[in-house]
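Visitor: Below you'll find the structure I mean.
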Amino acid sequence: MQWWNDFISWITSSDAQPAVFTAALLFVAVLAAGLLAAWISSGSIKRVVAQRDREAKTAAIAALIDAATEASVWNSLTPQEQVLADRVVGQADIQVRLLPIRGSDVAANWAAHQLHELKRASATFGYQLDPAVVEFRDRLLEWQRHPGRTRKQFQNDLERWRTQRIEQPELETVDQQDAWVAAQHHERYSETVPLRESTADAATGPTQTVPTDVPNR
């Protein structure tokens, strides 16, 4: 205990005041520098995360808009092109749902319904799809800028469509017609493939030689 008493006596003496003041000033400076560095690093990380979220949202919305363009001409695509387009839409749908934004699942459901309607309308002759694609694009861009306000609009649309489906049982007949159109579309392309293969086989097949009579000498 003697050393502790000596330390207390020294630190309370007038000779130790400059050293104590300098040590306290250094401690406060180091603590302030650490807090400032932590605040700057936290702000930088938040900006990087926010930038990545914006890039992911922009990429997902761009993929959905491009899918809407393909959906507007869905009936003219080959089955292979339709499969590739559906894969792109599926990836974009997952990206939208994984975004850290409130209501991203509502936006994904709304986009899925609209893409289905565009595919259905592509088989209707005389239907102008350009305004529908433009409206789809504008609504998604509005959701990117104002996700909270647009989420309510998307939710209202989904509720209205759900109510219409309950009150209109004849929509099941429309689904059956869509399935029939899709089946006819696949059959049309499946009939053209064997014809092309048979033509190619006939062109590349071996050439038969016709024997000729050689006169005896």
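Visitor: What pairs come out if I take residues in the range 59-78 that are of a type in the set (Asp, Glu) and pair them with residues that are not in a helix (DSSP H, G or I) whose C-beta lies under 8 Å away, six or more apart or interchain?
Guide: Glu70/Leu77
Visitor: Moving on to the next point. Which residue, of Arg54, Arg47, is over 30 Å from Val133 (Cβ atoms) and in a helix (DSSP H, G or I)? Show your work before the answer.
Guide: Details: Arg54 fails: over 30 Å from Val133 (Cβ atoms).
Matching residue, one of Arg54, Arg47: Arg47.
Visitor: Could you list, ordered by first residue, the pairs with Cβ atoms under 6 Å in which the first is in the range 13-39 and of a type outside the set (S, T, N, Q) and the second is open to solvent by 60 Å² or more (accessible area, probe 1.4 Å), at least 6 apart or interchain?
Guide: Ala16/Trp10
Visitor: So, Glu81, is that one part of a helix (DSSP H, G or I) and either in contact with a strand residue (DSSP E or B) (Cβ under 7 Å, 6 or more places away or on another chain) or farther than 23 Å from Glu159 by Cα (or both) or not? Please lay out each step first, then the result.
Guide: Working: part of a helix (DSSP H, G or I): yes; either in contact with a strand residue (DSSP E or B) (Cβ under 7 Å, 6 or more places away or on another chain) or farther than 23 Å from Glu159 by Cα (or both): yes.
It is true that Glu81 is part of a helix (DSSP H, G or I) and either in contact with a strand residue (DSSP E or B) (Cβ under 7 Å, 6 or more places away or on another chain) or farther than 23 Å from Glu159 by Cα (or both).
Visitor: Picking from Asp105, Asp53, Asp86, which residue would you name as being under 27 Å from Gln155 (Cβ atoms), touching a residue at least 12 places away in the same chain (Cβ under 8 Å), open to solvent by 40 Å² or more (accessible area, probe 1.4 Å) and under 13 Å from the mean Cα position of the chain (by Cα)? Spell out how you get there, then give the answer.
Guide: On the way: Asp105 fails: touching a residue at least 12 places away in the same chain (Cβ under 8 Å); Asp86 fails: touching a residue at least 12 places away in the same chain (Cβ under 8 Å).
Within the list Asp105, Asp53, Asp86, the selection yields Asp53.
Visitor: Step by step: first the residues of the range 132-148, then only those that are out of contact with any helix residue (DSSP H, G or I) (no Cβ under 8 Å at 6 or more places or on another chain) and within 19 Å of Pro100 (Cβ to Cβ), then the one that is surrounded by the fewest Cβ atoms within 10 Å (Cβ to Cβ). Which residue is that? Before the answer, list the steps.
Guide: From the range 132-148, those out of contact with any helix residue (DSSP H, G or I) (no Cβ under 8 Å at 6 or more places or on another chain) are 134-135, 138, 145-146, 148; that's our starting set.
With the extra rule that they be within 19 Å of Pro100 (Cβ to Cβ), the set shrinks to 145-146, 148.
Details: Arg145: 8, His146: 11, Gly148: 10.
By that ranking, first place goes to Arg145.
Visitor: While we're here: Identify all residues within the range 40-62 that are closer than 17 Å to Arg139 by Cα and hydrophobic (A, V, I, L, M, F, W, C); write none if there are none.
Guide: Matches in the range 40-62: Ala59, Ala60, Ile61, Ala62.
The values are calculated or read from the model by the stated rules, or taken from the named source; none is laboratory data. Worth saying up front: this structure is predicted, and the values here are computed from it rather than measured. In this analysis, Cβ positions are derived from the backbone assuming ideal geometry, glycine residues included, and neighbour counts consider all displayed protein chains. For the accessible areas, the whole protein counts, side chains as well, though only heavy atoms, and no ligand, DNA or RNA atoms are used. Shrake-Rupley method; radii C 1.70, N 1.55, O 1.52, S 1.80 Å.
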